[in-house]
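Trainee: Before we start, here is the structure in question, set down as structure tokens.
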Amino acid sequence: MLPPEEVAAIFVECVQAKGRLLVAPPEFLRELRRICDEHGILLVCDEVQSGVGRTGKWWAVEHAGV
């Protein structure tokens, strides 16, 4: 486990679509956002397959209010 000051960024896929569809729970994404904000860590959402309006919003992470 790393201390927060040694973490530059956390990468997450909001929707994983390889093999089967897995959607990250909104509570999980909101908690990641809170942790990142608290410690000054960059939250990076990989939206290659789920972005640009493919989920009904411009970015999939917007469904969680993040």
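Trainee: Counting only protein heavy atoms and using a 1.4 Å probe, what share of the accessible area of the chain belongs to carbon plus sulfur, as a whole percent?
Mentor: 59
Trainee: Would you mind working out the accessible area per residue for the chain, using a 1.4 Å probe, and quoting it in Å²?
Mentor: Dividing the accessible area of the chain by its residue count gives 72 Å².
Trainee: Still on this structure: Ratio to report: Rg/Rh of the chain, with Cα atoms as the point set and Rh obtained by the Kirkwood method; give two decimals.
Mentor: Computed over Cα atoms, the ratio is 1.00.
Trainee: May I pose another question? State the extension gain, in nm to one decimal, for the chain segment bounded by Ile10 and Glu27, taking 0.36 nm per residue of separation less the distance between their alpha-carbons.
Mentor: Between Ile10 and Glu27, full extension yields 4.5 nm more.
Trainee: Right, another one. Taking trypsin sites (Lys or Arg not before Pro) that fall in a DSSP loop and have at most 11 other Cβ atoms within 10 Å as cut points, what is the longest piece of the chain between them?
Mentor: Looking at the chain, 21-66 is the longest stretch - no exposed trypsin sites (Lys or Arg not before Pro) with at most 11 other Cβ atoms within 10 Å.
The values are calculated or read from the model by the stated rules, or taken from the named source; none is laboratory data. A quick note: this is a predicted structure, and the numbers were derived from the prediction, not measured. When we count neighbours, we look across all protein chains shown, and the Cβ atoms used for this are built from the backbone with ideal geometry, even at glycine. What goes into the accessible areas is simple: the full protein's heavy atoms, side chains included, and nothing from ligands, DNA or RNA. Shrake-Rupley method; radii C 1.70, N 1.55, O 1.52, S 1.80 Å.
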